[in-house]
1. One residue is enough: does segment 445-467 have a residue meeting the conditions assigned to a strand (DSSP E or B), of a type in the set (Asp, Glu) and either closer than 16 Å to PRO594 by Cα or out of contact with any Gly (no Cβ under 7 Å at 6 or more places or on another chain) (or both)?
2. So which residues in segment 334-361 are closer than 12 Å to PHE304 by Cα and either of a type in the set (Gly, Ala, Ser) or open to solvent by 10 Å² or more (accessible area, probe 1.4 Å) (or both)?
3. Take LEU340 and tell me if it is under 28 Å from HIS485 (Cβ atoms) and part of a helix (DSSP H, G or I).
4. Looking at VAL431 and the list (1) at pLDDT 95 or above; (2) open to solvent by 20 Å² or more (accessible area, probe 1.4 Å), which single condition is not satisfied?
5. Taking SER544, is it polar (S, T, N, Q), in a helix (DSSP H, G or I) and within 28 Å of the chain's Cα centre (by Cα)?
6. Considering only segment 57-92, how many residues are more than 30 Å from ASP148 (Cβ to Cβ) and assigned to a loop (DSSP other than H, G, I, E, B)?
7. List the residue pairs whose Cβ atoms are under 7 Å apart, where the first residue sits in segment 431-442 and is acidic (Asp, Glu), the second is open to solvent by 90 Å² or more (accessible area, probe 1.4 Å) and assigned to a helix (DSSP H, G or I), and the two are 6 or more positions apart or on different chains.
8. Pairs under 7 Å by beta carbon, first residue of a type in the set (Ser, Thr, Tyr) and surrounded by 15 or more Cβ atoms within 10 Å (Cβ to Cβ) in segment 258-273, partner in a loop (DSSP other than H, G, I, E, B) and modelled with pLDDT under 65, six or more apart or different chains?
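The values are calculated or read from the model by the stated rules, or taken from the named source; none is laboratory data. This is a predicted model, so every value here is computed, not measured. For neighbour counting, all protein chains shown are included, and Cβ atoms are generated from backbone atoms with ideal geometry for every residue, glycine included. Note: areas computed on protein heavy atoms with side chains; ligands, DNA, RNA excluded. Shrake-Rupley method; radii C 1.70, N 1.55, O 1.52, S 1.80 Å.
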Amino acid sequence: METRAQTETKIRVLCRKLVLTKEPGLQWLIGSPFLPQFTIVSTIGSLHLQSSLDPCSPDYSKESDDLRTLIVRGFKVIGAVLVSDNGFEANARKAAEAARRIRRFFTANCGGDGDDDGSVVVGAAADLVTGETRFFVSNSAKFDRIDDVCYEEFPEKLVWDRGCLVSCELGIKLPIFVPANNQSVAEEIFSAAINGTAALLKDQKIVYVVEGHKASEGVLNSVIVRGVELDAMLKMGNSKESAKSLPCSSFCGENKSILNSRESADAIKVSVLLNQSSKSSSLSAPVAEYFPAQETAKLLVISFNLEILCYAARDLPVAQAISMLVVPGLIDQLTAMKKLFLPCLLSNHPQFRPYHFWPPGVLHPITVFYELTYGETEMRQVEVRRALHLRLGLPLDRPLLLIANAVKFAHTRNATANDTIRNASPLPKDVHVEAPSSGVSGGLVSLIDGSYEYYHYLQDGFDDSGWGCAYRSLQTIISWFRLQHYTSIKVPSHREIQQALVEIGDKDPSFIGSREWIGAIELSFVLDKLLGVSCKIINVRSGSELPEKCRELAMHFETQGTPVMIGGGVLAYTLLGVDYNDANGDSAFLILDPHYTGADDLKKVINGGWCGWKKPVDNKGRNFFLLDKFYNLLLPQRPNWV
């Protein structure tokens with residue numbers, strides 16, 4: 001029988017989506033020692049089962065290996081939720097026990113994270129039909145239901161007001177001699193080399209250089225932390241007597257700099273150096289030792305990069321961040337690399353590399369190992385990404401975890417002007433939201449699904465007035481694919497669009513740098529080349545026939561949701577939606593006009609009619625679409641893959 005907690009224990013739920021699937025299954029609840037106790041930051045599905053008949057029978061060894069790689073240091077498993085159609089308390093007890101067991105795996109294999117009390121966990125149960133979720137807190141003595149559950153309204157602010165990111169990259173090259181035909185001995189030698197490298201990260205001669213921009217002053221701060229000082233710094237706690245005890249907040253930007261651009265995240269940078277110039281206490285001469293090989297041997301040079309990411313409290317001293325987070329994180333990745341390389345040690349070495357991703361809807365970055373030998377389109381890579389999408393509750397029709405979408409760290413502030421304009425520009429977004437209604441009575445409105453940027457004449461100081469409208473429409477379309485995370489390529493310039501058409505053989509080299517128009521067919525070629533996106537094209541003989549295509553256009557917006565380019569004569573527009581009354585045929589088209597030449601002022605754009613609903617014939621009898629021109633409509637298709 002369940003009991004109610006008598007204390008003021010509170011469960012805080014930060015993740016927007018607690019239950020990831022409509023199927024029975026176990027999900028791990030992720031929190032952080034730097035956030036209030038029992039704060040659920042995210043939830044990650046359990047994929048490896050000991051029995052397919054029991055959704056609460058995880059393979060703890062495989063699950064702990066995967067989670068240790070996936071979850072960045074500074075976050076940890078604080079509980080589990082079991083999605084099922086049976087009783088709440090029984091399922092919550094199973095979930096709590098599963099969480100307790102996997103935490104023991106973490107503690108046994110990586111020494112915990114400094115405050116890991118494996119006896120206190122959150123156990124939750126979610127009803128498969130209604131979605132109702134009940135929370136319990138479990139320790140060795142009690143199992144209490146918690147009714148005080150708070151779903152935070154601004155979860156990002158809570159996470160990033162308190163914490164920041166710390167990153168560290170380290171290239172590893174291990175030259176080892178191994179028996180050419182003895183896999184087991186080769187594995188022992190390689191494992192010893194990896195373990196020796198891990199031990200070196202705690203050596204007194206190791207040096208950690210910490211760099212970051214102070215939030216208030218925007219200046220670069222740096223400090224050197226030596227291996228010999230780490231233990232001493234930990235004992236000093238929050239003492240202000242040394243630069244090494246400076247908090248992480250002295251090296252990182254404000255939380256808004258993290259939240260505003262996940263593609264180029266702001267992080268404290270930690271570099272690892274080995275000090276080889278220290279004085280020796282005794283005189284010695286170089287010594288060479290000879291170990292004759294008992295069998296045929298060969299030299300293996302195994303190279304790989306470690307790239308770790310950590311979440312640290314802003315008030316945590318940097319020395320403690322290195323000792324508690326950076327060093328264990330590097331050792332975790334070394335261990336993971338060892339397991340990846342061991343099966344193929346004497347054959348062709350795969351190309352493994354860690355990448356960090358920050359998918360929409362997930363409050364923190366994740367880390368993924370990809371094998372790059374055959375590229376991202378190799379089927380095994382697709383299956384890896386699909387499994388990750390299932391774990392994280394991500395859509396299966398959007399490639400959010402392609403390498404192109406990996407986080408790039410903004411360790412420096414001197415990014416090129418072009419990158420600033422194209423990747424983090426203040427271009428107007430979603431300007432149609434402010435547009436007045438269409439004026440169609442009883443119509444069904446079908447709109448674009450997602451965000452886009454408004455590209456128009458004369459932007460970026462480039463004069464394309466009179467010929468560049470289709471180029472600008474294409475830029476708006478590509479911005480939609482960027483903002484929906486289908487790609488991370490920069491929105492191409494006019495010249496880059498022309499270059500793409502020349503490269504595929506559609507245009508002669510003289511086309512580059514010209515002021516020639518392009519149309520729907522050329523746009524489809526560019527989208528296919530740059531994004532791998534296919535397009536459907538609708539042809540009409542006259543502008544008067546466009547209202548007849550409203551049903552088809554409405555279906556496009558309902559199923560694909562991508563912007564549409566309309567080209568007729570020498571004019572091109574971007575179509576963002578239709579409003580259509582099927583009973584009487586009344587219709588309106590939501591037009592984004594690239595012919596605008598003014599400043600990026602939303603009021604001027606809307607009041608000037610550069611974005612708004614256009615009827616085929618207005619109340620003065622004027623036709624919006626030309627009656628004596630044929631029109632091509634380009635309908636980009638949403639990719640359906642991961």
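1. yes
2. ALA336, LYS338, LEU340, HIS349, PRO350, GLN351, PHE352, ARG353
3. yes
4. (2)
5. It is false that SER544 is polar (S, T, N, Q), in a helix (DSSP H, G or I) and within 28 Å of the chain's Cα centre (by Cα).
6. Residues in segment 57-92 being more than 30 Å from ASP148 (Cβ to Cβ) and assigned to a loop (DSSP other than H, G, I, E, B): 2 in total.
7. none
8. Close Cβ pairs satisfying both conditions: SER261/ALA424; SER264/ALA410; SER264/ALA424.
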